[in-house]
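Read the structure below first, then the notes.
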Amino acid sequence: MTRIEAPQHLPSVDRLVNTPAVQKLVRDHGLALVTRCTQGILARVRLRVLAGESTDMAALIQSLSEEIEHILLPSLRPVYNLTGTVLHTNLGRAPLPQSAIQAMVDVSRGASNVEFNLETGKRGDRHRHAEALLCQLTGAEGALVVNNNAAAVLLTLNSLAQRKEVPVSRGELIEIGGAFRMPDIMARAGCKLVEVGTTNRTHDVDFEAAIGPRTALLMKVHTSNFEMQGFTKNVSEQDLAEIAHRHDLPLVTDLGSGTLIDLEPYNLPHETTVTEALQAGADLVTFSGDKLLGGPQAGIIAGRRDLIDRLKRNPMTRAMRPDKLTLAALQAVLQLYTNPERLVEELPALRLLMRDPAEIEHLAMRLVIPVQECCQPFDVAVAQTYAQVGSGALPIDRLESTALKITRPDLRRPGAVLNRLAKAFRGLLVPVIGRISDDALWFDLRCLEDEDGFVENLAGLTAQ
């Protein structure tokens, strides 16, 4: 094929678009997109030709096809989470159960009664869809679902404490991932933070001294992704509730992750449940839907009916309301909690957290050879490791796990080649996400359930 070595010999946009190969792209993807991509390709190639490079029509068409494919490739894609963090904030947190996925499909096919009362034939309340189940499962009088837990905290404080004071222990003024800081949320909610006690020790009398005529409520915050040990003291929820109620104030507890069940029977460390927080005296409890609960991204507020009604009347509630897909998925997940005997089988988040370490080790033994075959000249070995829950839940607890440990023992400083290999795995049709530490690329297999799909996906690596 004739080489193009001068800019004036490049085809016009119209000529390139009207070649048979590009016309097929037009039929598949539309004239507007193909034309814009053609203009961009020709502009870039013209600069390269001016710099002394050459090209031909086949290369131009190939570049155009790749450009269109790149543009149309979804930026939000499924990945294999082999990081060792089960509820990974950056990777979508909790995987949804099949029942929740089916519920979203069903309501997305057409019209639904998201805000329509089937009994009266009039406008309904979307917040009712999950409320009954939440009250049944937690013992709360009322419940409200918003789009995440940060929104739940913001809405609660803005509704109950705007232009008033909220005492919080200094040891609970947390910052979690994404630069979410509790003091910043309180400021945006329009209330004044009153810091109580010291970083490591807060006493009942500290809260008593902080309460004044402008105090709106007392607040207890789960410390999420860290835990303080040593010479520490905090005020229990029961004691804080007694102080709040003695001064006719509500107690708001932010559980952060939040769980509806006691995790100890599942061989996991105890985490305060929503029911326990309410029974301890909290008037409102805020928590996430997509962490230990195992559902879609949502923030949930449960507690006293009169306070929930105040939150619903806040105009901000409309800006934070969940869509029909979130409500459908959350309702389906909550239904699973009504039958604890089948919960582990049907709820992926809990199943992955409880996965038998021996099962993970056997999986690693089966995968070491296919991964080794596509990773020459790297060494791939089975290695014991520890996974973590993630998303601020049970921050210091570790889960026994097994990983594929990929190394280059022949290199003194393998960092650059490991980064290139990790990038190659991320470039697969279904990206594979691991972690690099201790001069190795680690693929923790606790969250890998699609073994056949994973092996088939590796074929794309050998071509890179």
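The values are calculated or read from the model by the stated rules, or taken from the named source; none is laboratory data. Everything numeric here is computed off the predicted structure, so don't read it as measured data. All Cβ positions, even for glycine, are placed from backbone atoms using ideal geometry, and neighbour counts span all protein chains on display. All accessible areas refer to the heavy atoms of the entire protein, side chains included, with ligands and DNA or RNA removed. Shrake-Rupley method; radii C 1.70, N 1.55, O 1.52, S 1.80 Å.
Suppose accessible area is computed on protein heavy atoms with a 1.4 Å probe; arrange Y386, Y266 from highest to lowest. Please list the in-between numbers first.
Working: Y386 140, Y266 35 Å².
Of Y386, Y266, the descending order of accessible area is Y386, Y266.
Write down Rg/Rh for the range 252-368, rounded to two decimals, with Rg from the C-alpha atoms and Rh from the Kirkwood relation over Cα pairs.
1.06
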Problem - Reach of K24 by Cα under 16 Å, taken over aspartates and glutamates that are not fewer than 8 positions away in the same chain - result: D14, E66, E67, E69
Exercise for the section: With viscosity set to 1.306 mPa s and temperature to 10 °C, compute the Stokes-Einstein D of the range 98-342, Rh being the Kirkwood radius across alpha carbon pairs; µm²/s, no decimals. Expected result: 85
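Give the carbon-plus-sulfur fraction of the accessible surface of the range 98-342 in %, rounded to a whole number; probe 1.4 Å, heavy atoms of protein chains only.
Details: 5290 of 11240 Å².
C and S atoms contribute 47 percent here.
Compute the accessible area per residue over the chain, keeping the other protein chains in place, probe 1.4 Å, unit Å². Mind dumping the intermediate values first?
Values: 23030 Å² over 464 residues.
Here the residues of the chain average 50 Å² of exposed surface.
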Problem - Accessible surface, 1.4 Å probe, highest first, among residues I185, I300 - result: I185, I300
Completion exercise
Going residue by residue through the range 421-437, the Karplus relation 6.51 cos²θ - 1.76 cosθ + 1.60 with θ = phi - 60° gives ³J(HN,Hα) values, rounded to whole Hz and with x marking Gly or Pro, of 5, 4, 5, 4, 5, 6, x, 5, 3, 10, x, 10, 10, x, 9, 10, 7
Practice task
For the range 358-464, just the Cα atoms, rotate onto the principal axes and tell me the three extents in Å, largest first.
Solution key: 39, 33, 23
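Got a number for carbon plus sulfur as a percent of the range 3-72's accessible area, 1.4 Å probe?
Percent of accessible area from carbon and sulfur atoms in the range 3-72: 53.
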Practice task
Using only Cα positions of the range 3-72, each an equal point scatterer, no hydration layer, compute I(q)/I(0) via Debye at q = 0.15 Å⁻¹ and quote the log10 values to two decimals.
Solution key: -0.43
Problem - Amide N proximity, the range 432-464 versus V382 label position 7 Å along Cα-to-Cβ, cut-off under 14 Å - result: 445-446
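In the chain, what % of DSSP beta bridges are antiparallel (nearest 5)? It would help to have the intermediate numbers written out before the result.
Numbers: 32 of 51 bridges.
Within the chain, antiparallel bridges account for around 65 percent of the total.
Take the eigenvalues of the Cα gyration tensor for the range 334-404, scale each by 5, and report the square roots as semi-axes in whole Å, largest first.
Working: eigenvalues 184, 46, 20 Å².
Equivalent ellipsoid semi-axes, largest first: 30, 15, 10 Å.
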Completion exercise
Which residues qualify? For T402, with a placed amide H closer than 5 Å and at least 5 residues away or on another chain, they are T385, L445, R446
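Expressed in whole Å with the largest first, what are the equivalent ellipsoid semi-axes of the chain derived from the C-alpha gyration tensor as the square root of 5 times each eigenvalue? Show your work: numbers first, answer last.
Values: eigenvalues 478, 175, 107 Å².
Ellipsoid half-lengths, sorted descending, are 49, 30, 23 Å.
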